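Here the structure is laid out as structure tokens; the discussion comes afterwards.
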Amino acid sequence: MNPLRSVGARLGLGLAVVVAAALVLVDLIVVPSLERKLTNAKLAQLREAAPPVGAQLSSSSSYTLDDTIQSAQASTDARVVYFSVLSYNPPKIVVYADSNTVSSADVENDPLALRAFTEFQPVRGTVTFKDERYAEVAYPLAAGPVILLRASLHDSLGSIAFVRSRRVVAGLIALGLSLLVGYVAASIFARRIRRLERAADRIASGDFGEPVVDRGRDELGQLAAAFERMRQRLAQLEHARREFIANASHELRTPLFSLAGFLELMSDEELDPKTQAEFMATMREQVERLTKLATELLDLSRLDAGRLTVENEPIDLASLAETLAEEFHAVARSTDHDLAVAGGAEEVTALGDEERVLQIGRILVENALIHTPPGTPVRLAAAHRNVSALLTVEDRGPGIPAEHSGQIFDRFYRLEGAVASGSGLGLAIARELAELMGGSVELEPRPERTVFSLVLPAAPAQPEISRENERLREPSLQ
């Protein structure tokens, strides 16, 4: 494996590159700046000392000039050279006295001194002689001579060279530490990433049992928390899927076994016609149960796949309540239920799909008739509530315990002791259809009463047009 492909090596190398770049920038920016500052400081020191030295030399006689120059050298810590005027045209000056008693050959043609003489103003700068740099200040006197102060920059620049050498050593140490720290930190980081990778592989293979744990508070810790939420959600979905398959298999197997038993009994030639008719009626009920279950499962699969579409048009919930009451009138009479529509004939207009609203209404009314004892009043009503329209089914039965209200809309969920003829899918379908239309199904459980409400967005009110306006809008027949 290429070592540079690992996160540790890459991060360590990246840190080393950053440190190296920082060191190069220091060498290109900081060191020259420091060198300029030290040189300018030395020149400023010499410039400040030049006028007093010039005054001392101007007032000295030829007999005391050498002593004065030596004294000036000691006080300024710089070489002092006194130039006298040889000629003004062309301008030429010569060394008259020098604090360096060995030789004055290096300053005989000093450009700064000649420039100060010709321009008659102080001049400062640096010169190089035999690979050594000097700071110089040339100061003209009133009578024409020029004073030159020269100081070596060897010590100042030597300290910079010392700093640079130390910086190189420190830089190499920093490079090594950055490589080490970067590699170690990246290895720890990569270990956390590998844990997440293994967790993702487990989740992808369908193993939701082991939680995804990362105690970090950085972005990787947040990613691990997102992985854990995904694992929990997928575990819930997997549990629901298995439960759905088990319940669906059970719901399908029960009527199929019943049909198989009745078919075996029907093969008995000694059955009288009355018994055969009873068996046929029971078999028909089981076939209807299978048909209803298959339809509900198909609706759920379409809802899960997002292939079920609904219309969004104005519908009159009051009229649909009347339709439902008429549709279940015979069933209510056979079970001795008092089924009626409550309220007046006021129009309650909602936005939704009429067929799906009727399907939800049938589920709610059928539940009210099946799960309440004979003689229980069942009322349908339509009403407005703020910006919503409601279709309500209320029964005066035993009611639904409050602890079951949060699960009553789950698939295949049935209360203990409830009538076993249902599949436990009706309310789940009703809720998902309502949400698909932008509404909801609400449960209001109360002692000895149960109220289910289909809540849909109310249709916007249409302004009434008077008959006179309608007549005026009609085309004239004249």
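The values are calculated or read from the model by the stated rules, or taken from the named source; none is laboratory data. Bear in mind that the values here come from a model prediction, so they are computed numbers and not experimental data. All Cβ positions, even for glycine, are placed from backbone atoms using ideal geometry, and neighbour counts span all protein chains on display. Only protein heavy atoms, including side chains, enter the accessible area calculation; ligands, DNA and RNA are left aside. Shrake-Rupley method; radii C 1.70, N 1.55, O 1.52, S 1.80 Å.
Here the Karplus curve 6.51 cos²θ - 1.76 cosθ + 1.60, taken at θ = phi - 60°, turns the phi angles of region 160-174 into couplings of 5, 4, 5, 4, 5, 5, 5, 5, 5, 5, 5, x, 5, 5, 5 Hz, with x standing for Gly and Pro. Surface composition of the chain: carbon and sulfur make up 55 percent of the accessible area, probe 1.4 Å. Value of Rg to Rh for region 147-190, rounded to two decimals, is 1.48; Kirkwood radius and Rg both from alpha-carbon coordinates.
Binning the alpha carbon pair distances of region 146-248 at 10 angstrom intervals from zero yields the distribution 12, 22, 16, 13, 10, 9, 7, 5, 3, 2, 1, 0, expressed in whole percent.
Hydrodynamic estimate: the Kirkwood radius of region 117-162 over Cα pairs, inserted into Stokes-Einstein at 4 °C and 1.567 mPa s, corresponds to D of 109 µm²/s.
When only alpha carbons are used to place a centre, region 150-226 and region 426-449 end up 55 Å from one another.
Taking a temperature of 4 °C and a viscosity of 1.567 mPa s, what whole-number D in µm²/s does Stokes-Einstein yield for region 316-400 with Rh from Kirkwood over alpha carbon pairs?
Calculated translational D: 99 µm²/s.
Computed from the Cα positions only, the extents of region 64-172 along the three principal axes stand at 59, 29, 22 Å, in decreasing order. Taking the longest Cα principal axis of the chain as reference, the axis of helix 273-305 is set at about 20 degrees. For region 90-244, averaging the sequence separation of C-alpha pairs within contact (under 8 Å, six or more residues apart) and dividing by the residue count gives a relative contact order of 11 percent. Cross-link partners of residue 130 among lysines, defined as those whose alpha carbon lies under 29 angstrom from its own and excluding same-chain residues fewer than eight positions apart: 37, 42, 92.
The H on the amide N of residue 449, modeled in the peptide plane, is under 5 Å from the matching H of 399, 400, each at least 5 residues off or on a different chain. Suppose we look only past 22 Å in the calculated P(r) of region 176-329. What percent of the Cα-Cα pairs does that tail hold? Of all Cα-Cα pairs in region 176-329, 71 percent lie more than 22 Å apart. Toward the positive end of the charge dipole of the chain, with +1 on the Cβ of Lys and Arg and -1 on the Cβ of Asp and Glu, the farthest Cα among 257, 237, 212 is that of 212. In the chain, helices alone account for a calculated mean residue ellipticity at 222 nm of -18500 deg cm²/dmol, with every DSSP H run of four or more residues adding -39,500 (n - 2.57).
Evaluate the relative contact order of region 200-276 (contact order divided by residue number), counting alpha-carbon pairs under 8 angstrom at least 6 apart; express in whole percent.
The value is 21 percent.
So for region 182-319, taking the charge dipole from beta-carbon charges (+1 Lys/Arg, -1 Asp/Glu), which of 282, 190, 306 sits furthest toward the positive end? Projecting each Cα onto the dipole axis, the largest value belongs to 190.
Counting only protein heavy atoms and a 1.4 Å probe, the chain has 61 square angstrom of accessible area per residue. Where does the charge balance sit around residue 236 when Lys and Arg score +1, Asp and Glu -1, over other residues with C-beta under 14 Å from its C-beta? In short, +2. Between helix 65-76 and the chain there is an angle of about 20 degrees, using the helix long axis and the longest principal axis of the Cα atoms. Let me check I've understood the local charge: for residue 374, count other residues with C-beta under 15 angstrom from its C-beta, Lys and Arg +1, Asp and Glu -1. What total comes out? Taking every Cβ under 15 Å from that of residue 374, the sum is -1.
Within the shell defined by Cβ-Cβ distances under 12 Å, the residues around residue 317 carry a net charge of -4, with Lys and Arg each +1 and Asp and Glu each -1.
Computed from Cα positions, the angle between helix 219-266 and the longest principal axis of the chain comes to roughly 20 degrees.
The Cα trace of region 103-142 gives Rg and Dmax of 10.5, 34 Å, the first to one decimal, the second as a whole number. Note: relative contact order over the chain, using C-alpha pairs below 8 Å and six or more positions apart, is 10 percent.
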